[in-house]
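The values are calculated or read from the model by the stated rules, or taken from the named source; none is laboratory data. Here the structure is a predicted model, which means the values were calculated and not measured. Neighbour counts are summed over all protein chains in view; Cβ atoms, including those assigned to glycine, are modelled from backbone coordinates with ideal geometry. Just so you know, the surface numbers come from the protein's heavy atoms only, side chains and all, with ligands and any DNA or RNA stripped out. Shrake-Rupley method; radii C 1.70, N 1.55, O 1.52, S 1.80 Å.
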Amino acid sequence: MIRASYHLHRRVDGRDELVAYDNVRTPLPQPLAPGQQTTIALEFAAIDEPGEYVAEVDMLHEFVSWF
């Protein structure tokens, strides 16, 4: 199954430090053909610590590989 997710980085002193690589997954609404597009609302988990964060959105084939 193909899903959308993200890698979470925290910005510290102008650098991005990886906080969590493996996060909440959002399923696609339907299978997509090559070149087809869709819009999804990504699900994000609340962050415990205040600060500046960067979410690197990525797709994954569950239990196989990140794109």
Inset, instruction - List the chymotrypsin sites (Phe, Trp or Tyr not before Pro) within the stretch 1-55 that fall in a DSSP loop (any state other than H, G, I, E or B) and whose Cβ has at most 11 other Cβ atoms within 10 Å. - result: none
Legend entry - GLU43-PHE63 pseudo-label distance in nm [points 7 Å out on the Cα-to-Cβ vector]: 1.8
Legend entry - Radius, Kirkwood style, for the stretch 10-52 when every pair of distinct Cα atoms is counted (Å): 13.5
Legend entry - Loop trypsin sites (Lys or Arg not before Pro), the chain (other Cβ atoms within 10 Å of the site Cβ: 16 or fewer; DSSP): ARG25
Legend entry - Under the Karplus curve 6.51 cos²θ - 1.76 cosθ + 1.60, θ = phi - 60°, whole-Hz ³J(HN,Hα) for the stretch 36-46, x wherever Gly or Pro sits: 6, 10, 8, 10, 10, 9, 5, 8, 10, 7, 5
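Ranked from the most accessible area to the least, with a 1.4 Å probe and all protein chains present, what is the order of SER5, SER65? Don't jump to the answer; show the numbers that get you there.
Working: SER5 0, SER65 60 Å².
Putting SER5, SER65 in descending order of accessible area: SER65, SER5.
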Legend entry - Cut-off 14 Å between beta-carbons: net charge of the residues surrounding SER5, Lys and Arg +1, Asp and Glu -1: -3
Inset, instruction - May I ask you to give the solvent-accessible area per residue for the chain, in square angstrom, as obtained with a 1.4 angstrom probe? - result: 74
Inset, instruction - Quote the charge dipole size of the chain about the Cα centre in Debye, to the nearest 20; the model charges only the Cβ of Lys and Arg (+1) and of Asp and Glu (-1). - result: 280
Inset, instruction - List the longest stretch of the chain that has no exposed loop site; here a site is one of the GluC sites (Glu not before Pro) assigned by DSSP to anything other than H, G, I, E or B, with at most 12 other Cβ within 10 Å. - result: 1-51
Inset, instruction - Pull up all non-local amide H partners of VAL54: gap of 5 or more, or a different chain, and H-to-H distance under 5 Å with H placed in the peptide plane. - result: HIS9, ARG10, ARG11
